[in-house]
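Here's the structure we're looking at; comments come further down.
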Amino acid sequence: MTHPENPLAGADAETLLVHGGQTRSPHGETAEALYLTSGYVYDSAELAEARFKGEQPGYVYSRYGNPTVSMFENRMAAMEGAQGARATASGMAAVNAAILGLVKAGDHVVASRALFGSCLFIIETLLPRFGVETTLVEGGDLEEWRAAVRENTKLFFLETPSNPTLRLIDLKAVADIAHDAGALLVVDNVFATPLLQKPMQHGADIVVYSATKHIDGQGRCLGGVILGPTEVLDGQLKDFLRHTGPSLSPFNAWVLLKGLETLPLRVERQCANAAAAAELLAGDAGVSRVLYPGRADHPDADLVKQQMSGGGTMVAVDFKGGKRAAFAFLNALRLIRISNNLGDSKSLATHPATTTHQRLTPDLRADLGIGDGLVRISLGIESGRDLAADIAQALAAARG
Ligand SMILES: *Cc1c(COP(=O)(O)O)cnc(C)c1O
């Protein structure tokens, strides 16, 4: 379907990710131009005045905006179906701005407990330091979300599927509770990728990504993005972002734009590799459970059907032999490398209890289902046959 004024009207994600947001310079370059500039010049003092007053559109300083960064933001917004996007230097800069930019002392924030470690730091440690009250809830328990609401509740924050156990939270149900309370729902959608879950279609107000993960997807640079309504982006968030400086570098924006072009191809292959790896792991005698949202035996399988269009790129596996077996498995892997990163073209595996989640108490880890035998695998785009061979020989080593 094409439209004379906007050839991308009604286009599918695969098309938007290749063409969306691109503006061409007078040279008519094929690829997105890299505007590696911090500042801008004006032909007259009057023009500079008009730009600063916002009477004439255009850039004034790359902390506020940059043409390459704008292309990345507009491509992300087009794909997510959001009114707008603001790019940041990392995923954490996006999470930090989406939370700190929207609350003030005396407000209350409710968040799910199973969060990425740095997000948990913001909620648990940083916000209380500035007089913002916070409550952590078991994300899958809707009663806990309801019970946590106070009259000063301004924001709900959650991550689904969660890291590293890949449990789901009902987006629609939690969005309804947030809105009844007059609060905004912010969703960290990293694990699902922008392709497999559309939180805004289930009621989320704001979606954040670490673009470092699947969006770059090739282990090159950090980046983040906040997507939401113009009212919020140009309202409360505008001055916060302009004056605290979490800006994405134009170079990284350019890398991420190229990453977006191949995102559907990579995610499709990664999901196929993840489903196959989950099947192989589930059939092993040394494995006590496999958590993969694409499997019928996943504890939240109904919710997966309701809000995700695929099982994702991550698999969690629990070894009966605990830490010894988990380490033996990791150390035996040859193709899959040990790394805490995820969403990469290269398959990566990690032992959360001793790395990303080692700072938690053993009790809290147990609450979150992060046992000593748990290994998280992020599947890459290698050949499924080679990955299967690597996993099979590592499983044999783990049993031995
Ligand atoms: C990686 C990650 C972040 C933080 O992103 P950075 O780009 O590393 O700052 C936040 N949330 C989730 C779920 C992540 O996986």
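Miscellaneous remarks
- Selection count, region 159-201, where residues are among the charged types (D, E, K, R), touching a residue at least 60 places away in the same chain (Cβ under 8 Å) and either more than 15 Å from the ligand (Cβ to nearest atom) or in a helix (DSSP H, G or I) (or both): 3
- Qualifying strands (runs of 3 or more DSSP E) (wholly inside region 299-400; at least 1 residues being of a type in the set (S, T, N, Q)): 348-350, 374-378
- Residue 285 open to solvent by less than 20 Å² (accessible area, probe 1.4 Å) and either in contact with a Lys or Arg (Cβ under 9 Å, 6 or more places away or on another chain) or not acidic (Asp, Glu) (or both): no
- Condition check for residue 267: under 29 Å from residue 73 (Cα atoms), among the β-branched types (Val, Ile, Thr) and in contact with a Gly (Cβ under 9 Å, 6 or more places away or on another chain): yes
- Subset tally (residues that are within 14 Å of the ligand (Cβ to nearest atom) and of a type in the set (A, V, I, L, M)) for region 317-345: 1
- For region 11-49, the tally of residues that are surrounded by 10 or more Cβ atoms within 10 Å (Cβ to Cβ) and on the phi > 0 side of the Ramachandran plot stands at 1.
- Total residues in region 248-260, condition in a helix (DSSP H, G or I) and crowded, with 18+ Cβ neighbours inside 10 Å: 9
- Long-range neighbours under 7 Å by Cβ, at least six apart or interchain, first residue surrounded by 15 or more Cβ atoms within 10 Å (Cβ to Cβ) within region 121-132, second of a type in the set (Asp, Glu): 132/107
- Tally of residues being touching a Phe, Trp or Tyr at 6+ places or on another chain (Cβ under 9 Å) and either away from the ligand (no atom under 12 Å from the Cβ) or more than 20 Å from residue 188 (Cα to Cα) (or both) across region 234-251: 4
- Residue that is farthest from the ligand (Cβ to nearest atom) [pool: residues in region 142-158 that are open to solvent by less than 60 Å² (accessible area, probe 1.4 Å) and not aliphatic (A, V, I, L, M)]: 152
- Subset of region 210-233 that is near the ligand (Cβ under 9 Å from one of its atoms) and either crowded, with 24+ Cβ neighbours inside 10 Å or among the basic types (Lys, Arg) (or both) - its residue that is nearest to the chain's Cα centre (by Cα): 210
- Residue in region 354-362 that is among the aliphatic types (A, V, I, L, M) and either more than 19 Å from residue 191 (Cβ to Cβ) or in contact with a strand residue (DSSP E or B) (Cβ under 6 Å, 6 or more places away or on another chain) (or both) present: no
- With respect to the conditions (1) closer than 27 Å to residue 314 by Cβ; (2) modelled with pLDDT of 95 or more, residue 128 falls short on a single one, namely (1).
- Of the residues 114, 105, the single one that is without any contact (Cβ under 8 Å) to a residue 60 or more places away in the chain, in contact with a Gly (Cβ under 8 Å, 6 or more places away or on another chain) and either surrounded by 17 or more Cβ atoms within 10 Å (Cβ to Cβ) or under 29 Å from residue 179 (Cβ atoms) (or both) is 105.
- If you check 196, 184 for being farther than 20 Å from residue 350 by Cβ and open to solvent by 30 Å² or more (accessible area, probe 1.4 Å), only one passes: 184.
- Residue within region 292-302 that is farther than 20 Å from residue 371 by Cβ, in contact (Cβ under 8 Å) with a residue 12 or more places away in the chain and surrounded by fewer than 19 Cβ atoms within 10 Å (Cβ to Cβ) present: no
- Scanning region 50-84 for residues that are without any contact (Cβ under 8 Å) to a residue 12 or more places away in the chain and within 26 Å of residue 188 (Cβ to Cβ) returns a single hit, 65.
The values are calculated or read from the model by the stated rules, or taken from the named source; none is laboratory data. For clarity, every value in this text was computed on a predicted model and none was experimentally measured. All Cβ positions, even for glycine, are placed from backbone atoms using ideal geometry, and neighbour counts span all protein chains on display. Ligands, DNA and RNA are stripped out before the accessible areas are found, and what is left, the full protein with its side chains, is counted by its heavy atoms. Shrake-Rupley method; radii C 1.70, N 1.55, O 1.52, S 1.80 Å.
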